[in-house]
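Enquirer: The structure that follows is given in the form of structure tokens.
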Amino acid sequence: MGVPSSGEFCVQRKVLADSALDELGRRRTHSTKPPLAQRVKDSLRCSVPGLKRAVLKWVPVLSWLPQYSIRENAVGDIVSGLSVGIMHLPQGMAYALLASLTPVFGLYTSLFPVMIYFIFGTSRHISIGTFAVVSIMVGSVTEKFGPDSNFVVGGNGTNGTAVVDIDARDAYRVQISCALTAVVGVLQILFGLVRFGFVVTYLSEPLVRGYTTAVAVQVLLSQLKYVVGVHTTRFTGPLSQVYTLIDLCSLLPKTNIATLVISIVALFVLILVKELNTYYRKKLPMSIPIELIVLIVATIISYFAKFRTHYGVDVVGAIPSGLKAPRVPDGNLFILVFPDAFAIVIVAYAISISISKTMALKHGYKVDSNQELVALGLSNVFGAFFQCYVVTASLSRSLVQESAGGKTQVAGVVSSIIVLITILKIGSLFAELPKAILATIVFVNLKGMFKQFNDIPLLWKSNKMDLMIWSVTWVATILLNLDIGLAVAVVFSMLTVIFRIQLPRYSILGHVPGTELYVDMDAYEEAKLIPGVTIFRSSATICYTNAEMYLEALQEKSGINIIEQLTEKKKLENKLKRQQEKEKKKAKKAAKKLQVQPCMQRTFVESKHNRYESMSHELMNEFPPCLSPTENQVDVNSEQNPSVKKKGKKHQTVLVSPTEVGPVYGGFDGQVNSAYQMDPEVSDACPADDDNSARENGGVKTEERHRTHSVILDLSTTSFVDTVTAKTLNNIFRDFGEIDVSVYIAGCQVCIVQQLKRAGIFSESILLNNLFVTVHDAVLHTLERQAQKNVSQELSCITKM
């Protein structure tokens, strides 16, 4: 094949059926993979190199830490570690409130899991720890199983004088969060070991973005009470966000003005400085740690101005210094939190792996999705013993870690040291920190999620089905809560895939002149219909959900109603059979009469032939063109038919089938009657092609449909064949064959050909003749096959009798 400078190409080859391609390309008759037994044996075989590979795979830190370059990586890792560590402090404390825990547990979560991920993780740039989405999901579980109503110790709940034991409530919620974290970690480890990392592929990008946007709205609603300084009732279950919003609006007259002012000022400062960081990010050596600055300044002002005692501002309270001894999670709570753990496993992993793959693609390395599951699981299991809650990657901290020059997870170790110092020595100093400051920090960090509302106009223009997934996910998550909302979103997303497969686009393909291309005639004006050939394609895989509709669409587009054609053919055959039997009886009677009255033979024969001639015209006119006997047609006046005798009239041509020569037109011994006289010349012109009319009828036009002699099924879009598909294709070959329409298959992948053979659809001879490499090969084969019947084709256009 030559490729000229103009971009044109020219290929000259034979028409290739699938069997010819097997010989030309020398298709392998065996798999290149070793047998299953051999693979199992190799996996169980123990050797020093194999053991080394397994250790390096399961403990990735051993593969890169010995080769760590201090000169190239140390400075960037230390700077980025300091930046991320400074972010961990305010975010850890703020996100702990989302989990309905005290702020110190957010600091614990920012310490221990990070160290475990350093050992077992494969991403070099993500920052593991607290995250708003996962925190609010954990908070929904802790509030569901540890509501305030379970810890009322005095007063009357009906008149608002009830007293809640805060310490007991918080301690029980810590137990719930630790049990939940342990269950999540175990599930993640199990999923990673069985290589279940592909499960995240069922969460499409519109689904994830719609879900995280809905979670951001829930986070906003949960933190508004800290901004305005009111105490709302906690609601759980479906419509809990609606009830929370109604309750919050009813309490707005009781807003604490001092808390509101603190929130507004802090929000203004945070937004302003963060925008400056974004605008001058290329000029600044590192981003201004405005969150930590606001945290420290607000704590100092609150301490000296005595916000809590003078103005009733809600503050963090006492933060214990030092680390607590590890404690085994309460196993009795595992079954209680097990159903909620599944949703958190999926969401936490989806967020982490998406950020990991984005960073890996940017910096040119690979992330093992299954090892990431194991790393997250080990981080959560280990953290559950130290009163941490579920962790995942944070987008904001990961971006800071990457942009500040971080090259490895050594930056995570540096950030953990900052958090450890805070827990041991500095944490207690934040006792007077207003909770409103933490709420505003959460608000500002939700900016990226709220920007996802911009997806709505973009999806409206690009893909309305994805917009529907985004919208249903958002609404379901807001109204039905996080766990049920995620389940509804996943089910709806899968249903859209099923509907797309079940309702594909069916099209008739036309030939682009001067090329070997065949395209949808509805989409391309220059596509021309091949006379007598219908090329049919579905935009989706044929499977049990759409096999019946595939057959219906094929009949509709090709204009061949198999049931009607078979019924009509059966009626004509029955009528012909009855006429033959009737004429045989009459012939016998006539023979007897001729024996008695030999002198009347000539008169009888002439009248007899007149009846035969009338019946012949009637049957030939009743045959539809697609059922007309085009094969084995006989010229009754030709020299090849010795039974035909010529009279002194003009030579005439008649189309008859061999079965009709004897019984219908024959004499007493099955011969053509010599007294047969032709009718006047009748010309039936064939209709001209009209591609525009074909498009208007949604396929092949009416006249063209009746002249279809071949149907080509383009299966290039098919990715698998099930038993229903095999049965449907088998029925197509059988039914179309009964009405003398040839069926061919083109464009199959190798795996589809093998599945068709295993399904036993074709015999070996049919498979070789009816399966082609491309649509063009199939078209050329049909045209060549029809070219061998030139006389029949010409006679089918103008029939003279």
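Enquirer: L193 - would you say it is within 29 Å of G383 (Cβ to Cβ), assigned by TED's automatic domain parsing to the domain that holds L446 and modelled with pLDDT of 90 or more? Reasoning before the result, please.
Expert: Details: within 29 Å of G383 (Cβ to Cβ): yes; assigned by TED's automatic domain parsing to the domain that holds L446: yes; modelled with pLDDT of 90 or more: yes.
So L193 fits the description; yes.
Enquirer: Kindly establish whether Q241 is closer than 21 Å to L438 by Cβ and touching a helix residue (DSSP H, G or I) at 6+ places or on another chain (Cβ under 7 Å).
Expert: Taking the combined requirement at face value, the residue satisfies it.
Enquirer: Then there's this: Of all residues in the range 197-249, how many are of a type in the set (D, E, K, R), without any contact (Cβ under 8 Å) to a residue 40 or more places away in the chain and not in a helix (DSSP H, G or I)?
Expert: 0
Enquirer: Out of V199, V174, V215, I need the residue that is assigned by TED's automatic domain parsing to the domain that holds A96 and closer than 20 Å to T109 by Cα. Which one?
Expert: Result: V174 is the single residue among V199, V174, V215 that is assigned by TED's automatic domain parsing to the domain that holds A96 and closer than 20 Å to T109 by Cα.
Enquirer: Name the residues in the range 503-560 that are among the β-branched types (V, I, T) and loosely packed, with under 15 Cβ neighbours inside 10 Å, would you?
Expert: Passing the criteria: V512, T515.
Enquirer: Take the residues in the range 528-543 that are assigned to a loop (DSSP other than H, G, I, E, B) and more than 31 Å from the chain's Cα centre (by Cα); name whichever of them is nearest to V741 (Cα to Cα).
Expert: Of all residues in the range 528-543, those assigned to a loop (DSSP other than H, G, I, E, B) come to 529-532, 539-543.
Cutting the leftovers down to more than 31 Å from the chain's Cα centre (by Cα) gives us 529-532.
Numbers: L529: 17, I530: 15, P531: 14, G532: 10 Å.
Out of the qualifying residues, it is G532.
Enquirer: Have a look at S507, S493 and point out the one that is part of a strand (DSSP E or B) and at pLDDT 90 or above. So that I can check it myself, show each step before the final result.
Expert: Values: S493 fails: part of a strand (DSSP E or B).
The unique qualifying residue is S507.
Enquirer: Residues to consider are A37, A74; find the one that is of a type outside the set (K, R), in a helix (DSSP H, G or I) and not assigned by TED's automatic domain parsing to the domain that holds S398.
Expert: A37
Yes or no, residue by residue, for (1) modelled with pLDDT of 90 or more; (2) of a type in the set (A, V, I, L, M, F, W, C); (3) within 34 Å of the chain's Cα centre (by Cα); (4) part of a helix (DSSP H, G or I):
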| site | (1), (2), (3), (4) |
| --- | --- |
| V419 | yes, yes, no, yes |
| L424 | yes, yes, no, yes |
| G427 | no, no, no, yes |
| A439 | yes, yes, no, yes |
| F443 | yes, yes, yes, yes |
| I456 | yes, yes, yes, yes |
| D466 | yes, no, yes, yes |
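Enquirer: Answer yes or no as to whether S428 is among the small types (G, A, S) and either outside the structural domain of L207 (by TED's automatic domain parsing) or surrounded by fewer than 20 Cβ atoms within 10 Å (Cβ to Cβ) (or both).
Expert: yes
Enquirer: Still on this structure, please answer the following. Go over the candidates L361, L378 one by one and state the one that is farther than 20 Å from F112 by Cβ, assigned to a helix (DSSP H, G or I) and in the same structural domain as L482 (by TED's automatic domain parsing).
Expert: L361
Enquirer: Let me spell it out: the conditions are (1) surrounded by 16 or more Cβ atoms within 10 Å (Cβ to Cβ); (2) in a helix (DSSP H, G or I), and S287 meets all of them except one. Which number is the exception?
Expert: The one condition S287 does not meet is (2).
Enquirer: Give V381, V413, V391 a once-over and let me know the one that is among the β-branched types (V, I, T) and crowded, with 22+ Cβ neighbours inside 10 Å. Spell out the reasoning first.
Expert: On the way: V381 fails: crowded, with 22+ Cβ neighbours inside 10 Å; V413 fails: crowded, with 22+ Cβ neighbours inside 10 Å.
From the options V381, V413, V391, the qualifying one is V391.
Enquirer: Determine if the range 41-56 includes at least one residue that is more than 28 Å from G121 (Cβ to Cβ), in a loop (DSSP other than H, G, I, E, B) and within 36 Å of the chain's Cα centre (by Cα).
Expert: no
Enquirer: Is there a residue in the range 322-341 that is surrounded by fewer than 23 Cβ atoms within 10 Å (Cβ to Cβ) and over 28 Å from F145 (Cα atoms)?
Expert: yes
Enquirer: Kindly indicate which of S149, S140, S135 is part of a helix (DSSP H, G or I), free of Cβ contacts under 8 Å to residues at least 24 places away in the same chain and small (G, A, S).
Expert: The conditions single out S149.
The values are calculated or read from the model by the stated rules, or taken from the named source; none is laboratory data. None of the values given here were measured: they were computed from a predicted structure. Don't worry about glycine lacking a Cβ; one is built from the backbone with ideal geometry, like all the others, and counts go over all protein chains shown.
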